[in-house]
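Engineer: First the structure, which I've put down as structure tokens, then a few questions once you've had a look.
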Amino acid sequence: SPEILEDYPRNDERKDQAEKQRLFYEKIKLSYKNSNRPIIIFPQATRLKPDDRSDFKKGASRIYEILKLKCQPVAINSGIVWPKSGPLVPNKTLTISILKPINSDLNSKEFLISLQRNIYKELDDLN
């Protein structure tokens with residue numbers, strides 16, 4: 001029926017979305033190129049419960065791929081101190097671990113797998 005078809009994105013809507021994404025990543029590239037500052041990416045996009053092992057967002061690998069930079073992974077166990085929902089938990093220690101850098105020569109899939117594996121291993125060791 002016609003009303004069902006209205007729920008599906010049309011080709012021009014998909015093209016618009018693809019163009020918005022392209023422009024978003026282009027803006028990141030220009031911003032990085034024109035500054036002398038690092039880029040900080042939270043690949044989970046939010047704080048998670050300490051035992052949550054959700055897949056990382058693909059945007060982190062896209063930025064890695066576009067900028068062709070070495071990545072310095074950092075694991076932060078903030079979920080035990082500052083939960084996604086609820087108040088701060090007193091008398092807990094938040095730990096920030098600086099992990100082994102990931103060279104810029106991986107494809108985006110290999111990068112994301114390595115990043116996720118290394119960060120989650122560190123968080124498992126901390127918890």
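Engineer: Working carefully through the options 61, 54, 35, find the one that is modelled with pLDDT of 85 or more, of a type in the set (S, T, N, Q) and not in a loop (DSSP other than H, G, I, E, B).
Structural biologist: Just a single option satisfies the conditions, and that option is 61.
Engineer: Those residues that are surrounded by 12 or more Cβ atoms within 10 Å (Cβ to Cβ) and hydrophobic (A, V, I, L, M, F, W, C), I need them from the range 80-104; list them, please.
Structural biologist: Once the filter is applied, which keeps residues that are surrounded by 12 or more Cβ atoms within 10 Å (Cβ to Cβ) and hydrophobic (A, V, I, L, M, F, W, C), the range 80-104 yields 80, 81, 82, 89, 94, 99, 102.
Engineer: Same structure, new question: Considering only the range 32-70, state which residues are open to solvent by less than 60 Å² (accessible area, probe 1.4 Å) and of a type in the set (Phe, Trp, Tyr).
Structural biologist: Result: 56, 64.
Engineer: Would you mind stating whether residue 107 is open to solvent by 70 Å² or more (accessible area, probe 1.4 Å) and touching an Asp or Glu at 6+ places or on another chain (Cβ under 9 Å)?
Structural biologist: Values: open to solvent by 70 Å² or more (accessible area, probe 1.4 Å): yes; touching an Asp or Glu at 6+ places or on another chain (Cβ under 9 Å): yes.
When the stated conditions are applied, residue 107 passes them.
Engineer: Could you please find all residues in the range 99-115 being part of a loop (DSSP other than H, G, I, E, B) and of a type in the set (A, V, I, L, M)?
Structural biologist: In the first step, residues of the range 99-115 are kept if they are part of a loop (DSSP other than H, G, I, E, B); the result is 99-101, 103-107.
Hits for the range 99-115 are 99, 106.
Engineer: Quick one: residue 77 ticks every box in (1) open to solvent by 30 Å² or more (accessible area, probe 1.4 Å); (2) free of Cβ contacts under 8 Å to residues at least 60 places away in the same chain; (3) not hydrophobic (A, V, I, L, M, F, W, C) bar one, so which box is it?
Structural biologist: So residue 77 meets the others, but not (1).
Engineer: Moving to a separate point now. Looking at (1) modelled with pLDDT under 90; (2) exposed (fewer than 13 other Cβ atoms within 10 Å of the Cβ); (3) within 20 Å of residue 106 (Cα to Cα); (4) not hydrophobic (A, V, I, L, M, F, W, C), which is the one condition that is false for residue 25?
Structural biologist: With (1) modelled with pLDDT under 90; (2) exposed (fewer than 13 other Cβ atoms within 10 Å of the Cβ); (3) within 20 Å of residue 106 (Cα to Cα); (4) not hydrophobic (A, V, I, L, M, F, W, C) applied to residue 25, the lone miss is (2).
Engineer: For residue 84, work out the one condition from (1) at pLDDT 95 or above; (2) closer than 14 Å to residue 52 by Cα it doesn't fulfil.
Structural biologist: (1)
The values are calculated or read from the model by the stated rules, or taken from the named source; none is laboratory data. Computed from a predicted model, the values in this text were never measured in an experiment. Note: ideal-geometry Cβ built from the backbone for every residue, glycine included; neighbour counts use all protein chains shown. SASA here: full protein model, heavy atoms, side chains in, ligands and nucleic acids out. Shrake-Rupley method; radii C 1.70, N 1.55, O 1.52, S 1.80 Å.
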